[in-house]
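The structure appears right after this line, and notes come after that.
The values are calculated or read from the model by the stated rules, or taken from the named source; none is laboratory data. Because the structure is a prediction, the values reported are computed rather than measured. Positions of Cβ are backbone-derived with ideal geometry, glycine not excepted, and every protein chain shown enters the neighbour counts. All accessible areas refer to the heavy atoms of the entire protein, side chains included, with ligands and DNA or RNA removed. Shrake-Rupley method; radii C 1.70, N 1.55, O 1.52, S 1.80 Å.
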Number of protein chains: 2
Amino acid sequence: MTLSAAERLTSTAARLFQEKGLSRVGINEIIREADVARMSLYNNFQSKEDLAMAAYAAMSQARREAINAATAAAKGPKEAILAIFDLAERLAQAPSFTGCSFINLAAHLGDDDERLTDLVRRHKLGIRLQFEDLVRALGAPDPVMLGRQLLALWDGAIADSFIENDTAPIRAARDAAAKLVEA
Amino acid sequence: MTLSAAERLTSTAARLFQEKGLSRVGINEIIREADVARMSLYNNFQSKEDLAMAAYAAMSQARREAINAATAAAKGPKEAILAIFDLAERLAQAPSFTGCSFINLAAHLGDDDERLTDLVRRHKLGIRLQFEDLVRALGAPDPVMLGRQLLALWDGAIADSFIENDTAPIRAARDAAAKLVEA
DNA sequence: TGCAAAGTATACATGTCGGTCTACCTAGAT
DNA sequence: ATCTAGGTAGACCGACATGTATACTTTGCA
C-alpha cells in the first residue's frame, strides 16, 4: 500500500514549508522531493495555495494532537500546562527547528491571502483555547486572560528560541507559566 | 536640502519591508516608491541584501530609541517595564502593523543569509538586555531569567496581536509582566 | 479482456526577480 | 569654463517562478 500522489505531496510540502517557509519553496522542489509528476500536483490541487492549505492544515492538526497527548499524560491541569512547555522544548531541539510555522507563515502572507491568514488565526485560537480549558479546570479567576498570557509566553519563547538557537527562552517561559498559574 | 538617493532608498525600503516582508518587496517597487533610478540603488548598495541590512539596522535603532524614550519618561523601573508594553500596544494600533519586523525577517531568511540572521539576533539581544537592566535595578533575584520571560511575553504578545488583529494579547501580556515583576 | 482513473514525461507560456550595461544629464567647486 | 561626482533612463540578461497543453503509460476492477 504505497502512498498516493496527493498524500506524498501534502506531507512533502508540509516538511519543506516548515523548514524553509512558504515562499522559499517552489513547485519544482516539492514535486522532485515527493517524486511525483508536475501534472499530478495540478490534478490533485488547483494551485500552490491549495496545496499549502492542505499542508498547513495537516501541520495544525498534528500540533494540536501532540499537545493533547502531552496533556493527557499529565496528572493534573497544572502539570499539563508545564508539559506543553516541555513539548516546546523538545520540538526546539530538532535540528530543523525554525520556530512556529504559523507565525512564520503569517510573515509570508499578503492582504490577498485570506484563506491562509484565516488558517493561521484558527490555529492560534485553538491553541489558546487548549490553554484556557486547562486554567479553567484549575479555577483561575480570569481564564481568558491567563490563557492569552500562556499563549504569549509559548509563542514568544518559541520565536526567541529559534532566533537565539537555544532552548533557554523556553525553559524561562515554562518557569513564568508556573508562577502565573500558581497566583 | 532634499534627501540623497541613498537616504530615500533606506527609509523607503524600511517602510516596505516592514509592511510586506523582505521577499515580497522587489527592487522595482523600492526604486519606484523612493523615486530613484535603478542604477542609483546599485551605486549606493552592492545588492538588495546590503540595502536590507541598512534598512533593518535603521529599524532596529529606531525601536531601541523608542523603548529608551518610553522608559526615560517612567518614574521607576517597574513603571518603565509597563511603559514598554504600552508602547507595544500603541504600535499595534497602527493600521500597517504587521507584528515584529525582526521575527518576520527571520521567517524569510535561509541558511545562507548569515548577516541578516545575525542582525536579528543582535536586535533581540539588545531588547532583552534593556529588560534585564530594568529588572536588575529592581533587585530581582534572577534578572537574566526574568529578562527572558519579559522578552517572551513581549514577542509573543506582538505576534498574537498581529494574528488576531486585536491588542488584547498585549494588554494581557502587560498584566503578566506586572505579576512577574512583583514576585 | 477491456476500459476508466490515476499517474507520467516534457515542452511550453508568461511573468517577475535581482542585477548589469551604456549613454546621457546635471549642479557645484576649482 | 571645465571637470567631476552623483543621478537618470531604459534596454537587456539569465534564472527561476507558477501554471498549461499534449501525448503516453500503468493499474485495478468489472
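At a glance:
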quantity: Matching residues in region A:168-182 - criterion: being more than 7 Å from chain B (Cβ to nearest Cβ) and either closer than 22 Å to B:ASN104 by Cβ or of a type in the set (D, E, K, R) (or both); calculated: A:ILE170, A:ARG171, A:ARG174, A:GLU182
quantity: Selection status of B:ASN28, open to solvent by 60 Å² or more (accessible area, probe 1.4 Å) and more than 8 Å from DNA strand C (Cβ to nearest atom); calculated: no
quantity: Qualifying position, being at pLDDT 95 or above and more than 17 Å from the chain's Cα centre (by Cα), among A:ASP118, A:ASP142, A:ASP155, A:ASP160; calculated: A:ASP142
quantity: Scan of region A:31-48 for residues that are of a type in the set (D, E, K, R) and either surrounded by fewer than 14 Cβ atoms within 10 Å (Cβ to Cβ) or more than 9 Å from DNA strand D (Cβ to nearest atom) (or both), ordered by number; calculated: A:ARG32, A:GLU33, A:ASP35, A:ARG38
quantity: Scope region A:8-25; condition within 11 Å of DNA strand C (Cβ to nearest atom) and farther than 17 Å from A:SER47 by Cβ; matching residues; calculated: A:ARG8
quantity: Every pair of residues 6+ apart whose Cβ atoms lie under 6 Å, when the first sits in region B:29-56 and is acidic (Asp, Glu) while the second is in a helix (DSSP H, G or I) and more than 9 Å from DNA strand C (Cβ to nearest atom); calculated: B:GLU33/B:THR12
quantity: Residue list for region A:69-82, restricted to those being open to solvent by 40 Å² or more (accessible area, probe 1.4 Å) and free of Cβ contacts under 8 Å to residues at least 24 places away in the same chain; calculated: A:ALA69, A:ALA72, A:ALA73, A:LYS75, A:GLU79
quantity: Region A:10-30, residues that are charged (D, E, K, R), within 16 Å of the chain's Cα centre (by Cα) and more than 16 Å from A:THR98 (Cα to Cα); calculated: none
quantity: Residue tally, condition crowded, with 18+ Cβ neighbours inside 10 Å and either outside any helix (DSSP H, G or I) or at the interface with chain A (Cβ under 7 Å from one of its Cβ atoms) (or both), over region B:128-144; calculated: 1
quantity: Flag for A:ASP118 being surrounded by fewer than 24 Cβ atoms within 10 Å (Cβ to Cβ), free of Cβ contacts under 8 Å to residues at least 24 places away in the same chain and more than 12 Å from chain B (Cβ to nearest Cβ); calculated: no
quantity: Selection count where residues are in contact (Cβ under 8 Å) with a residue 12 or more places away in the chain and either more than 13 Å from every other protein chain (Cβ to nearest Cβ) or open to solvent by less than 20 Å² (accessible area, probe 1.4 Å) (or both), scope region A:92-103; calculated: 7
quantity: Residue check for B:ALA152: in contact with a Pro (Cβ under 8 Å, 6 or more places away or on another chain), free of Cβ contacts under 8 Å to residues at least 12 places away in the same chain and surrounded by 22 or more Cβ atoms within 10 Å (Cβ to Cβ); calculated: yes
quantity: Counted residues, region A:5-25 - those being open to solvent by 20 Å² or more (accessible area, probe 1.4 Å), more than 10 Å from DNA strand D (Cβ to nearest atom) and either aromatic (Phe, Trp, Tyr) or touching a helix residue (DSSP H, G or I) at 6+ places or on another chain (Cβ under 7 Å) (or both); calculated: 5
quantity: From A:ALA62, A:ALA57, A:ALA70, A:ALA52, residue being more than 11 Å from DNA strand C (Cβ to nearest atom), under 16 Å from A:LEU134 (Cβ atoms), small (Gly, Ala, Ser) and away from chain B (no Cβ under 14 Å); calculated: A:ALA70
